[in-house]
Amino acid sequence: MGILTYVGNVVTGRVAHWNDANNQTIADLWERTNDFPDPLKISFRAFIVASSSLMDVLLSPDKGRKRLIKRDPLRIARQQFARMHAVILECLAGMFIQLNPSFSESCKGALAILTGRDPDRSRIIQLIEGMDQLDVMATGCAAWEEIIMIAESPQGTTAVDAYPFATLLGALGVESVKEIKTKLAAASR
């Protein structure tokens with residue numbers, strides 16, 4: 001990002017709005033994990049970091065026209081940011097549950113606390129639970145469709161449209177699981 005783009009984002013209020021709407025949502029999610037037992041705290045903090053990274057690519061003012069969502073972040077309300085983070089967290093938690101079914105109930109309970117949404121009514125969680133094997137592309141396509149709807153973006157929702165998002169979601173999911181396993185192993189020593 002060039003200096004002129006940054007100055008433009010400051011002057012137009014995009015940076016302040018991003019800090020208020022997106023970054024405060026992340027801080028609120030992080031704070032809600034404080035009372036979680038360590039395995040859930042470690043897991044969901046990794047998911048929050050991944051969600052934050054993904055949201056940067058989706059809507060950060062720093063990305064300019066390279067944002068995956070082609071909508072001015074100033075037009076996205078804080079409540080919309082919270083809903084998009086909820087969808088991403090459902091994807092990441094759902095993928096984790098698919099790989100670690102013994103965590104299902106505790107992860108769903110923590111997810112409900114974080115997002116205020118019932119995981120058993122989540123389209124993403126239902127999709128993942130119905131899979132014999134995790135299909136990141138199908139998960140990413142379903143999440144992309146929801147995120148585009150929440151953002152009120154006129155973009156397409158085909159598999160081709162969702163591909164960049166789905167591949168990034170999968171990569172961040174893999175990194176999250178690796179981080180969680182490493183931290184859980186260290187905590188159990």
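The values are calculated or read from the model by the stated rules, or taken from the named source; none is laboratory data. Remember, it's a predicted structure, so these values are computed and weren't measured experimentally. Virtual Cβ from ideal backbone geometry, glycine too; neighbours counted across all protein chains shown. With ligands, DNA and RNA removed, areas are computed over all heavy atoms of the protein, side chains included. Shrake-Rupley method; radii C 1.70, N 1.55, O 1.52, S 1.80 Å.
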Remind me, relative contact order of region 75-189 in percent, using alpha carbon pairs under 8 angstrom and six or more residues apart? 26
Which Cα, out of 170, 185, 64, lies furthest along the positive dipole direction of region 63-189 (beta carbon charges, K/R +1, D/E -1)? 64
How big is the charge dipole of region 1-134 about its Cα centre, in debye rounded to the nearest 20, if each Lys and Arg gets +1 on its Cβ and each Asp and Glu gets -1 on its Cβ? 720
Stretched fully, the stretch from residue 189 through residue 53 gains (0.36 nm per residue minus C-alpha distance, one decimal, in nm) 46.0 nm
Run the quick spin-label model on residue 28 and residue 66: label points 7 Å from Cα toward the beta carbon, then report their separation in nm to one decimal. 3.0
Percent relative contact order for region 1-149, counting Cα pairs under 8 Å at least six residues apart, stands at 23
Row for the chain, column shape: gyration tensor on C-alpha, a ≥ b ≥ c, rounded if a/c < 1.5 i.e. under 1.5, prolate if a/b over b/c, else oblate; value prolate
Roughly what would the spin-label model give for residue 123 and residue 181, points 7 Å off Cα along C-beta, in nm? 3.2
Region 91-155 and region 16-61: distance between their alpha carbon centers, rounded to Å: 16
Need one number: nm distance between label points at residue 19 and residue 131, each 7 Å from Cα along Cα→Cβ, rounded to one decimal. 3.8
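Roughly speaking, to the nearest percent, how much of region 84-189's 1.4 Å accessible area is carbon and sulfur?
56
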